[in-house]
Amino acid sequence: MNRNQAHTLTDRALWNALPMISSEFAANRIRLALVLSELRPGGMERVVVHLADGLAGRAVPVEVLCLQGPGALAPLLTGKGISVLPLESHAGRDLRALWGLRRELRRSGPDIVHLHDYASLPYAALANLCGGRKLVFTAHGLLYDGFEPLRKRLRFFSRFLDGISAVSEKVAERHREYLGWRGPIDIIPNGVPEAPPDADARRRVRSELGCADETHLFLAVGNPRPEKGFEDLLEAAALLRKQSHAFMVAIAGSLNESEYCRGLLARLQTLNLSDHCRFLGFRQDTPALYSAADSLVLSSRSEGLPMVILEAMTAGLPVIATRVGGIPDAVGDCARLVDARNPPALAEAMLEIQSSGETRRTLGAAGKEHAAKHHGIGRMVDQYLAWYERILANR
């Protein structure tokens, strides 16, 4: 090997090492505070858990600040030694929470305060006055009922932001319009951990549900709200029952006393679906549910980038979903997509997946490969670290 070849190889090795060097550099100089209302069960909250865990795994100093209580997902972080500090604010315009947040930011000294919901924005903006920290926000969803009256207030406080990211292009468009934001919005898709199948969990959960081996188990995951379109799923199940009885639909999510939830339960009885559809309530064993299921079905009328689709794909489940929000971009050709508010089309897709083992295997394998390539935790953490670096470079 001559000297010129040696220099070429050395230069190439340094170039290939740059991402690792950049990651280590970020870990050594960035301190982060992730702020949200509470680590309650939900897609956005799971993203925060995965992000905090991934950052800690890169030796990035990170803490999670919750305006309210710690939430049901907090032990996933505290069990790994990651700080979760609840400010226990349960009222609007809580000055005590404001001063508590300001005191904690001064104590921990983060370089970046990363907000994940709008409820945190006014508190963080005021707590950070004269603090010199960068304030950034991630848009996770498309905004539902109740946000329109808050538009002027949130537009004002968004002026304190140094950057915005979004989980999909559709979400970015919605929040750009809502906030009147004129700067760039970085697109950082959600990441999910690997979810290897668990045969023991499959047997246990299916036994619990009374689901026979030959019964196709459709899993739906989400807290029942109007945008989730669960009434469309019930109608689709009623149509599917006319052609097949060997199926069950299990819906995991926290039921409450809302008119919408009461209406769903009443609709379940009216359609006489009790033998085919089950509302499971809140479940902490979502990975076990993915192992037990034969496919995932999502009937949403509006979505950003739902974590449940990515998790199901990672678990190798074939996915049936509505063509809304960031879903088409996230799944590519690896899922059966139908129009929202269309129970007949949803029932047809469910029948296809139930009836064809080859289709299930093909979609499941393609989805698993796609999710690993585009939605891994490591990829998401890399993208957030790169975003933080760009934000800090604009000091």
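The values are calculated or read from the model by the stated rules, or taken from the named source; none is laboratory data. Just so you know, these numbers come straight off a predicted model, no measurement behind them. Counting neighbours? That spans all protein chains shown, and the Cβs are built from the backbone with ideal geometry, glycine included. When the accessible area is computed, the model is the full protein with side chains, heavy atoms only, and any ligands, DNA or RNA have been set aside. Shrake-Rupley method; radii C 1.70, N 1.55, O 1.52, S 1.80 Å.
Condition check ((1) open to solvent by 20 Å² or more (accessible area, probe 1.4 Å); (2) in a loop (DSSP other than H, G, I, E, B)) across all residues:
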{"residue": "LEU34", "(1), (2)": "no, no"}
{"residue": "LEU39", "(1), (2)": "no, yes"}
{"residue": "HIS50", "(1), (2)": "yes, no"}
{"residue": "GLY54", "(1), (2)": "no, no"}
{"residue": "VAL60", "(1), (2)": "no, yes"}
{"residue": "LEU65", "(1), (2)": "no, no"}
{"residue": "GLN68", "(1), (2)": "yes, yes"}
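Among the residues of segment 198-222, how many are over 20 Å from ARG360 (Cα atoms) and crowded, with 18+ Cβ neighbours inside 10 Å?
Total meeting the criteria: 2.
Does SER244 qualify as being within 27 Å of LEU305 (Cα to Cα) and in a loop (DSSP other than H, G, I, E, B)?
For SER244, the condition - within 27 Å of LEU305 (Cα to Cα) and in a loop (DSSP other than H, G, I, E, B) - is not met.
Out of curiosity, is PRO75 within 19 Å of the chain's Cα centre (by Cα) and at pLDDT 95 or above?
Answer is yes for this residue.
With respect to the numbered conditions (1) out of contact with any His (no Cβ under 8 Å at 6 or more places or on another chain); (2) open to solvent by 30 Å² or more (accessible area, probe 1.4 Å); (3) within 24 Å of PRO306 (Cα to Cα), which one is the sole condition not fulfilled by PHE230?
The number of the failed condition is (2).
Scan segment 272-300 residue by residue and report those that are assigned to a loop (DSSP other than H, G, I, E, B), buried (at least 17 other Cβ atoms within 10 Å of the Cβ) and not acidic (Asp, Glu).
Within segment 272-300, LEU273, HIS276, ALA293, SER299, SER300 qualify.
Among the residues of segment 314-328 satisfying the criterion of being among the aliphatic types (A, V, I, L, M) and touching a strand residue (DSSP E or B) at 6+ places or on another chain (Cβ under 8 Å), which is farthest from ALA139 (Cα to Cα)?
So, considering only residues that are among the aliphatic types (A, V, I, L, M) and touching a strand residue (DSSP E or B) at 6+ places or on another chain (Cβ under 8 Å), the one farthest from ALA139 (Cα to Cα) is LEU317.
Open to solvent by less than 20 Å² (accessible area, probe 1.4 Å), modelled with pLDDT under 90 and not aromatic (Phe, Trp, Tyr): does that describe GLY332?
no
Just one of the numbered conditions (1) open to solvent by 30 Å² or more (accessible area, probe 1.4 Å); (2) modelled with pLDDT of 95 or more is not true of ARG3; which one?
(2)
Which residue is nearest to ASP94 (Cα to Cα), if the candidates are limited to segment 6-46 and must be out of contact with any Leu (no Cβ under 9 Å at 6 or more places or on another chain) and at pLDDT 50 or above?
ARG31
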